[in-house]
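Student: My questions all concern the structure below.
The values are calculated or read from the model by the stated rules, or taken from the named source; none is laboratory data. What you see is a predicted model; the values in this text were computed from it and never measured. Ideal geometry is used to build each Cβ from the backbone, glycine not excepted, and the neighbour counts take in all protein chains shown.
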Amino acid sequence: MNNRGAGHLYVVHGRMGSLDVDAKVIPTDGYFSVMGYWHDITGDPEQARPAGWPTDNGYAVSQVNPSVWFINVFQRRKGTGFRLGDRVRQLVSEIARSGLRPTESRSTLRIAVPVLGIGRGGMGARRGEALDVLLRALWDSVRTVGVDIVLVTPDPAVFGAAQYRRRTIAESGTGSLPWGLSAPALAEAKRLGVLARDGHLALFLGAGVSMAAGLPDWDGLLTRIAERTKQDYGQVKALGSLDAAELLKRDSDQRQIGELVRDIIGKPKKIALAHGILAGFDAQETITTNYDALFELAVEQAGRTTPTVLPWEPAEVGRPWLLKLHGDLQRADSIVLTRRDFVLFDARSRPAGSLLQATLMTRHLLIVGTSLADDNVIRLAMEVDDYLRRNGVRSAQGTFIDVSGKAARQRLWSEQFHWHVCEGEDITQRVRQMEIFLDVAAAYAARNASWLLDPRFEGLLSDSEQRVTAKVRSALAQVPDADSGLLVPLKEIREQLGGAG
């Protein structure tokens, strides 16, 4: 479990604007120059400019939004990265004392921070050193202040380098805070991360992932449908969710039930932290029972190739796919909601079920945000297990992340799935433990090495590693850019590792 009172440092490949957090830190300079891509967060910079800027301490809160804070990152003198680290520590402490409170959906204040100093902050040529300073400062802050911090970057090279540095700091014992997991949980997170890194991990996402972004659970959705159609949900709730949904549909305009679901959920623009973390796994196969497009948004925000959405788009070579078992909000007539929809699922969507079964047989499926109460998913999983057993194979088809607090459920599936129980006194604490666990797994899943031969990141390497990479960089620099024959693989390696052309 996470140390009592300690926060956690997450790293997310994406953009801060769409992330659900309680406070955001925006970089600027002594003249209060705020880049245009931050304006969606800050609003009009002239109105947001703190009184008396530039301040003596180098940071201040926006005048129009108490959740937005500015930090002066520009440093003229060489070697001032460590001063920036001290400033970051002080800023985090100030935010924690400011009176901001976490939303009801979480138990710990969450602050989003971009990678500071490497843009116009004067440390662009020393990205490795800047990352090291920033990571250590943020790790110190979560330990001493007790807030959660999300370090966010849209740059794949910076993301890969940050994950590498987190691993080396944690494993060297020189960091101020370990991962915050028990030894068995850490081993399990590493195992899943390696599976993802090697391309063998597929994802299964349930409603719990999107609920963290503010979307309703099944019961909440049915309650809102009843309100929209002027029906008394209390009279049918005791029937169970599927039969209640069936009755609500029969007593309303059946042609509009999918459109009602679409109107109720809308087009959410804030992704949950779990969406951002899971997008960083770079899984090629994902299956979901969710109607929304938040996972697709998280992948897009990370600058990765957005997945083909099955079954409405054709699969493409080199493009990941996302199978939506229960339909898609943009296709209202596809939504699976009622008893009839579930009973007819196999007749209408057998190929989708077969794809889930094929994934269970050929990949390790990481199951997040679901209670395994879906009768169709249960049937499909049990059919796979029975098929393998009858052919002499006994192995776990995946790993289930359990935030239910119901230990007995594990006994039902102990032979089909590895089981990771997230502990906590209530659901918010258990969800946070899930996010921490996934974040650690993502650190070991990161396989982007497009920073390795980039001299700007040398500060992350030892002296011997720098000598090796310098020789490799020099050798690969001799490969002609125009070559289209035998040396093409060397050009590709150079590009993959960040070597200059």
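One line per residue, one yes/no per condition, for (1) out of contact with any Lys or Arg (no Cβ under 9 Å at 6 or more places or on another chain); (2) hydroxyl-bearing (S, T, Y); (3) assigned by TED's automatic domain parsing to the domain that holds T428; (4) closer than 30 Å to P268 by Cβ:
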| position | (1), (2), (3), (4) |
| --- | --- |
| L19 | no, no, no, yes |
| Q47 | yes, no, no, yes |
| W53 | yes, no, no, no |
| V64 | yes, no, no, yes |
| G117 | no, no, no, no |
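Student: Could you figure out which of (1) under 17 Å from Q330 (Cα atoms); (2) within 18 Å of the chain's Cα centre (by Cα) isn't true of T305?
Tutor: Result: T305 passes all but (1).
Student: May I pose another question? Look at G119 and say whether it is part of a helix (DSSP H, G or I) and either surrounded by 22 or more Cβ atoms within 10 Å (Cβ to Cβ) or not aromatic (F, W, Y) (or both).
Tutor: Working: part of a helix (DSSP H, G or I): no; either surrounded by 22 or more Cβ atoms within 10 Å (Cβ to Cβ) or not aromatic (F, W, Y) (or both): yes.
So G119 fails the test.
Student: Here's another thing I want to ask about it. R89 passes all but one of (1) under 26 Å from A298 (Cβ atoms); (2) modelled with pLDDT of 95 or more; (3) not in a loop (DSSP other than H, G, I, E, B); which number fails?
Tutor: Evaluating R89 over (1) under 26 Å from A298 (Cβ atoms); (2) modelled with pLDDT of 95 or more; (3) not in a loop (DSSP other than H, G, I, E, B) leaves (1) as the failure.
Student: If I filter the stretch 127-149 for residues that are assigned to a strand (DSSP E or B), at negative phi and touching a residue at least 40 places away in the same chain (Cβ under 8 Å), do I get at least one hit? Talk me through it step by step, then tell me what you get.
Tutor: So the first thing to find is which residues in the stretch 127-149 are assigned to a strand (DSSP E or B), and the list is 148-149.
Those still in the list that are at negative phi too: 148-149.
Checking which are touching a residue at least 40 places away in the same chain (Cβ under 8 Å) leaves us with 148-149.
Within the stretch 127-149, one or more residues are assigned to a strand (DSSP E or B), at negative phi and touching a residue at least 40 places away in the same chain (Cβ under 8 Å).
Student: Quick one: is E423 free of Cβ contacts under 8 Å to residues at least 24 places away in the same chain and among the charged types (D, E, K, R)?
Tutor: The answer is no for E423.
Student: Y233 passes all but one of (1) without any contact (Cβ under 8 Å) to a residue 40 or more places away in the chain; (2) in the same structural domain as D439 (by TED's automatic domain parsing); which number fails?
Tutor: Tallying (1) without any contact (Cβ under 8 Å) to a residue 40 or more places away in the chain; (2) in the same structural domain as D439 (by TED's automatic domain parsing), Y233 fails exactly one: (2).
Student: Is there a residue in the stretch 429-441 that is part of a helix (DSSP H, G or I) and among the aromatic types (F, W, Y)? Write out each step before concluding.
Tutor: Taking the stretch 429-441 as the starting set, the residues that turn out to be part of a helix (DSSP H, G or I) are 429-441.
Pick out the ones that are also among the aromatic types (F, W, Y) and you get 437.
Within the stretch 429-441, one or more residues are part of a helix (DSSP H, G or I) and among the aromatic types (F, W, Y).
Student: Do we have G369 as at pLDDT below 95 and touching a Pro at 6+ places or on another chain (Cβ under 6 Å) here?
Tutor: On the way: at pLDDT below 95: yes; touching a Pro at 6+ places or on another chain (Cβ under 6 Å): no.
Spelling it out, it is not the case that G369 is at pLDDT below 95 and touching a Pro at 6+ places or on another chain (Cβ under 6 Å).
Student: Suppose we filter R101, R120, R126 for residues that are basic (K, R) and under 21 Å from T144 (Cα atoms); which single one remains? Reasoning before the result, please.
Tutor: Details: R120 fails: under 21 Å from T144 (Cα atoms); R126 fails: under 21 Å from T144 (Cα atoms).
That would be R101, the only listed residue that is basic (K, R) and under 21 Å from T144 (Cα atoms).
Student: Of all the strands (runs of 3 or more DSSP E) wholly in the stretch 256-342, which have at least 2 residues that are surrounded by 22 or more Cβ atoms within 10 Å (Cβ to Cβ) and modelled with pLDDT under 95? Step through it out loud before you land on a result.
Tutor: Values: elements: 285-288, 308-310, 321-324.
Passing ranges: none, list empty.
Student: Something else: Any residue in the stretch 142-153 that is out of contact with any Ser or Thr (no Cβ under 9 Å at 6 or more places or on another chain), at pLDDT 95 or above, within 23 Å of D439 (Cβ to Cβ) and surrounded by fewer than 17 Cβ atoms within 10 Å (Cβ to Cβ)?
Tutor: no
Student: In the stretch 177-194, what count of residues is obtained for those that are crowded, with 21+ Cβ neighbours inside 10 Å and over 22 Å from R143 (Cβ atoms)?
Tutor: Number of matching residues: 2.
Student: Would you tally the residues in the stretch 395-419 being surrounded by fewer than 15 Cβ atoms within 10 Å (Cβ to Cβ) and of a type outside the set (S, T, N, Q)?
Tutor: Summing the residues that are surrounded by fewer than 15 Cβ atoms within 10 Å (Cβ to Cβ) and of a type outside the set (S, T, N, Q) in the stretch 395-419 gives 6.
Student: When the residues of the stretch 35-52 are narrowed to those that are in a loop (DSSP other than H, G, I, E, B) and modelled with pLDDT of 95 or more, which ends up nearest to L91 (Cα to Cα)? If you could, list the steps in order and put the result at the bottom.
Tutor: Of all residues in the stretch 35-52, those in a loop (DSSP other than H, G, I, E, B) come to 35, 43-44, 49-52.
Then drop every residue that is not modelled with pLDDT of 95 or more, which leaves 43-44, 49-50.
On the way: G43: 21, D44: 22, R49: 16, P50: 14 Å.
Per the criteria, the residue is P50.
Student: Go through the stretch 160-179 and give me each residue that's modelled with pLDDT of 85 or more, more than 18 Å from E458 (Cβ to Cβ) and either outside any helix (DSSP H, G or I) or in contact with a Ser or Thr (Cβ under 9 Å, 6 or more places away or on another chain) (or both).
Tutor: W179
Student: Mind telling me which of the residues L239, L221 ends up being over 22 Å from R331 (Cβ atoms) and surrounded by 12 or more Cβ atoms within 10 Å (Cβ to Cβ)?
Tutor: On the way: L221 fails: over 22 Å from R331 (Cβ atoms).
Only one candidate passes the filter, namely L239.
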